[in-house]
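The values are calculated or read from the model by the stated rules, or taken from the named source; none is laboratory data. Nothing here was measured: the structure is a model prediction, and the numbers come from that model. Cβ placement follows ideal geometry from the backbone for every residue including glycine, while neighbour counts extend to all protein chains displayed. These area figures cover heavy atoms from the full protein model, side chains too; ligands, DNA and RNA do not enter into them. Shrake-Rupley method; radii C 1.70, N 1.55, O 1.52, S 1.80 Å.
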Amino acid sequence: MTGRYLGVDVGTSATKVSLVTEDTILTASAGYPTRHGSAGEAEQDPAAWSQALATALAALVAQRGADLGSVTAIGLCGQTPTLVPVDAAGQPVRPALTWQDTRASTGAAELADRFGDPEPLIGTALPWSAANMPAKLLWLARHEPSTVRRTRWLLQPKDLAGLELTGSPASDPWSTKGICRVSDGAPAADVLAGCGWPAQACPPIADAWAARGTVSAAAARRFGLPEDIPVCVGWSDALAQVLAAGCFERQSAFVFSGTSAIVGVPVPYESRRAESRRAAGLFRVPRSCAPSPLLYGPTSSSGASVAWVARLLGCQPADVPIIAAGAGGATPTFVPYLAGERAPLWNTEVRGLLLGLAAEHGPPEIARAVMAGTLLSARHVLDTVAETTGRQAGEIEYAGRGAGDPTWEALAMQTLGAPVRFHSDPDMSARGAAILAAIMTGISLPEATATLGDRARSAEPSPADLTLGRTLIARYRQASDAALGWWRDTA
């Protein structure tokens, strides 16, 4: 297979680009801030994404062998659900409400009471959470009616990038779930109306690997790309990682650790409605949105917890595993609910706990507890999948934070409860976007993932690791219940 495929990931903390061929990958990134506020605000400036894309592409071109003039196709992915309302000219009308924004918690509870089961309305059991689109839309309609009047399209970050590159506002059904029905891509009209928005605000919906258009002359000048390169519709960063790790082909479980973690398993369904009811706290990706169905859940604070403990210990996040390597004996149990939790709890008010502290515990034990807690939160999601389906994960694809670090990998063996394949690429989302671009050009999914995927190393947990893991997850579940109990007592 020949070709040079450019993947673009508009992520939570940075825009990452990867130029992928059969033999090589070149990467670059540029970051941007999130504005957090005391009322739960978590907003980003969409103009910063555009500037970051231009900066990352310029940095990519500066690398040896990075010839953008020979790019075959461009693929997109990005953080979701992050809401970007744009006007008829394609300009954002306000800052983006990121998936971390929790101001819509009250509205989310109202939507749950009003609509109940979301399956008939949205086509999947999307939690009525402040993180997801419907609650954000209701909050905007109540607090910023002028935003509703000015908005033409309700987009995701990668869709804004696609609009700027090609002029097309198209999105895929999974990224736009709650605005559209994932089953057929039609506007979720009842939900939109109930949230104070017209159905016409739903963007055109197409498959993630479909072509949205080609790079325009204006975009070519702005971003340093050649004109007329085809650009795909794109996907969520979560599903792009699933694609890049080969999970659709191998039917393997996955743990992808970034600011949050993405955790789940490809799962065949015989009864969609029955499985939807049983899969409380999980996203069910139907076959209309992906090559095979998935059950997965995003957590809230994976890398964010590491950044927190680094601030606490006065070090850099990269130093945390070095400090943790000095831990001796038993460590406390940490639940990483620093800003609430998404899957499997979907509770924005619950908060983290550090239980089992002893006088002999110091920075190494605290650092190790936080690292283990982020992995155990992933195990919690995997166990929820197993409880839903009756099937344990046979093998786990692990990518992102910690892959390649001996302390992280040893903890993964002790906590995840299954064999693990550690992937070498730290930017699997951008690689997955590049693979989407290849599929758009007509290359089959098996060939694209086999040729453009990264290298992985397999590791087996020892019997002692498995025994310890069962103890650790039991303590974690007890700590999770204690955190929920604390929240209920103080609510």
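Please give the charge dipole size of the chain, origin at the Cα centre, charges +1 on K and R Cβ atoms and -1 on D and E Cβ atoms. Round to the nearest 20 debye.
580 debye
Give, as ranges by residue number, the residues of the stretch 89-120 whose backbone N falls under 13 Å from the point 7 Å along Cα→Cβ of ARG142.
103-114
In the stretch 72-156, what percent of the accessible surface is made up of carbon and sulfur (1.4 Å probe, ligands and nucleic acids excluded)?
C and S atoms contribute 51 percent here.
Hey, how many Å between the Cα centroid of the stretch 281-308 and the Cα centroid of the stretch 119-196?
The distance from the Cα centre of the stretch 281-308 to that of the stretch 119-196 comes to 18 Å.
Taking a probe of 1.4 angstrom, what is the accessible area of HIS143 in Å², to the nearest 10?
Ignoring ligands and nucleic acids, HIS143 comes out at about 110 Å².
What accessible area per residue, rounded to a whole number of Å², is obtained for the chain using a probe radius of 1.4 Å?
Spelled out: the 1.4 Å probe surface of the chain, per residue, equals 37 Å².
Let me have the 222 nm mean residue ellipticity of the chain computed from DSSP H runs of 4+ only, each contributing -39500 (n - 2.57), with the sum over all residues rounded to the nearest 500.
After summing the helix terms and dividing by residue count, I get -11500 deg cm²/dmol.
Quick one: check the C-alpha center-to-center distance for the stretch 82-102 versus the stretch 204-251, whole angstrom.
20 Å
Through the Karplus equation 6.51 cos²θ - 1.76 cosθ + 1.60, θ set to phi - 60°, convert the phi angles of the stretch 461-473 into ³J(HN,Hα) values in whole Hz; use x for Gly and Pro.
Running phi through 6.51 cos²θ - 1.76 cosθ + 1.60 with θ = phi - 60° gives x, 7, x, 5, 4, 5, 5, 4, x, 5, 5, 5, 6 Hz.
Over the chain, calculate the relative contact order: mean separation of alpha carbon pairs under 8 Å at least 6 apart, over the residue count, as a percent.
With pairs under 8 Å counted, the relative contact order is 15 percent.
Say the dipole of the chain comes from +1 at the beta carbon of Lys and Arg and -1 at that of Asp and Glu; which of GLN392, GLY234, ALA42 then lies farthest toward its positive end?
Going by the Cα projections, it comes out as ALA42.
The chain: percent of C-alpha pairs farther apart than 33 Å?
Taking all Cα-Cα pairs of the chain, the fraction more than 33 Å apart is 34 percent.
How much of the accessible area of the stretch 342-468, in percent, comes from carbon and sulfur atoms when a 1.4 Å probe is used?
Ligands and nucleic acids excluded, carbon and sulfur give 52 percent.
Based on the alpha carbon coordinates of the stretch 111-269, what radius of gyration and maximum Cα-Cα distance (Dmax) apply, in Å?
17.1, 51
So how many Å³ per residue does the convex hull of the Cα atoms of the stretch 374-489 work out to?
144 Å³
Taking the Cα centre of the chain as the origin and placing charges on Cβ (Lys, Arg +1; Asp, Glu -1), which of ALA367, GLY328, GLY185 is farthest toward the positive end of the dipole?
Most positive-ward Cα: GLY185.
Between ALA450 and GLN91, what FRET efficiency follows from the Cβ-Cβ distance if R0 is 41 Å, with the result rounded to 0.05?
0.50
Only residues of the stretch 384-400 count here: report those whose backbone N is under 17 Å from the spot 7 Å along Cα→Cβ of GLN251, or say none.
Residues passing the 17 Å test: 386, 389-397.
Using a simple charge model, +1 on the beta-carbon of Lys and Arg, -1 on the beta-carbon of Asp and Glu, nothing else, what dipole does the stretch 322-442 show about its Cα centre, in debye to the nearest 20?
120 debye
Taking the Cβ-Cβ separation of ALA318 and PHE115 as r and a Förster radius of 30 Å, what is the calculated FRET efficiency to the nearest 0.05?
0.10
By average Cβ neighbour count within 10 Å, what is the ranking of 470-480, 127-137 from highest down?
127-137, 470-480
Arrange the peptides 12-18, 368-374, 148-154 so that the one whose residues have, on average, the most other Cβ atoms within 10 Å appears first.
Top to bottom by mean Cβ count within 10 Å: 368-374, 12-18, 148-154.
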